[in-house]
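I have placed the structure first, in the form of structure tokens, so that the comments after it can refer back to it.
No lab work stands behind these numbers, since they all come straight from the coordinates. Just so it is clear, the model here is predicted, and its values are computed rather than measured. Please note: Cβ atoms are built from the backbone with ideal geometry, for glycine as well, and neighbour counts cover all protein chains shown.
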Amino acid sequence: MLGPFVWYFRRIQARRRGRYDGAQGVPAPQEAETFPPGEFRLKATADRELEGLARRWSYIDRRLKGRYCGLLRELRLLKITLTEMEFESKRLKDVHEANAGAIDLELKAKRGTRGFEHEWRMNPLGYLLFMVAILIGEFPLNAIAFRLFGEAEILTYVMTLVLAVSLVGSAHVLGIFLSMEQPSRVQKILLTVCVLAPLGAISAIALVREAYVAEVGKAVMSPRAVTAVFVLINLLIYAIATVLSYLTHDPVARQVRMSEIPHQRLQRRMTRLQRRKEKLEIRLQYMVAWRQKSLQAMMHAAQIIKQEFEELIEEYRMGNLEARAEKVVPSAFKNHPEFTFPLTLQVLDWYCPEVPDLVATSRVLTSSKEPTP
């Protein structure tokens, strides 16, 4: 694509060369196969312009093809990953269904001997609300005892909160261990700790509270009676929390969840990868359209170069005919030189050798997942 000044200069030069060749009688009237030197020069210049345009397009297309191949590789690898995850999802689903079937048979056997009462469980949301209420109730119940140490108010609240969380957490863990039919040796040791540690903490806080009540001396009841009431209230709260934990945690439901959770996690990951795959496909379509549109723009520029040099050839021939002594049109002017576009401006190369073959990979995966006889 020539600028206006370059185009004007070449037009004048083409007409001048045409007049010079016409005055020399070039080409001869009988020459039909050989183009005159002026036309040959113009065609060679046009070929150089087209080759330069092709080189510029090759540089641009290398980057565009690199982005296209990168997107294509990522998309195909993602499809391979999704294919593998589909096989894994099917396997996990089969494991979960087999586990659920075995547990269902076990429940049916227990119903025949113990009835349906042993299957009753508390709602997890209700359990959470009850445990939060117990945690809040433990806070003012024990806060007064820690004031005996004379620490700052914030430290008193921190110690009270630690004690309340420890009691509620111990009851939570104790209920889980009690719901197990066959706890291990380590679990039995932890169960003993969850029983003895809260009892020791409650007893220690009761002694501190007794000393506090004896020092104040304003209680209606005796310090020992207040201590006994305090211990009973804490033991009642601890027992209620343990029972709630026991009624909430179902070992059978936990076994079902343990085999169902991996399948659910895999399904969520597959959903995320599927959304990513759809986005990559859209980006790949935009990349293909952008590359095709860029090639069309280059082809349009090549067509303009071709038209401009065809006009320059016409200027050369007009100047040639004007300068001829004999006003005879040479046979060579009845033909027109052909402009051949470089191959890179005609066809896009979509082959990406570094991209894995999805079909071949899928066949390998399918054959590897088939059970051997």
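Brief remarks on what is shown
- Mean Cβ count within 10 Å, highest first, over the residues of peptides 6-12, 323-329, 76-82: 76-82, 6-12, 323-329
- Across the range 191-202, computed HN-Hα scalar couplings (Karplus, 6.51 cos²θ - 1.76 cosθ + 1.60, θ = phi - 60°) run 4, 5, 4, 5, 8, 6, 4, x, 5, x, 5, 5 Hz from first to last residue, x flagging Gly and Pro.
- Sorting 312-319, 340-347 by their mean Cβ neighbour count within 10 Å, with the most densely packed peptide first, gives 312-319, 340-347.
- Unsatisfied cross-links (Cα-Cα over 26 Å) in the set K43/K293; K65/K279; K93/K279; K93/K277; K79/K293: K43/K293; K93/K279; K79/K293
- A Förster distance of 35 Å, applied to the separation of the beta-carbon atoms of I60 and E311, puts the FRET efficiency at 0.80.
- Derived scalar couplings ³J(HN,Hα) [the range 306-311; Karplus, 6.51 cos²θ - 1.76 cosθ + 1.60; whole Hz; x for Gly, Pro]: 4, 5, 5, 6, 5, 5
- A full extension of the chain between E338 and L236 corresponds to an added length of 26.4 nm, given 0.36 nm per residue minus the alpha carbon distance.
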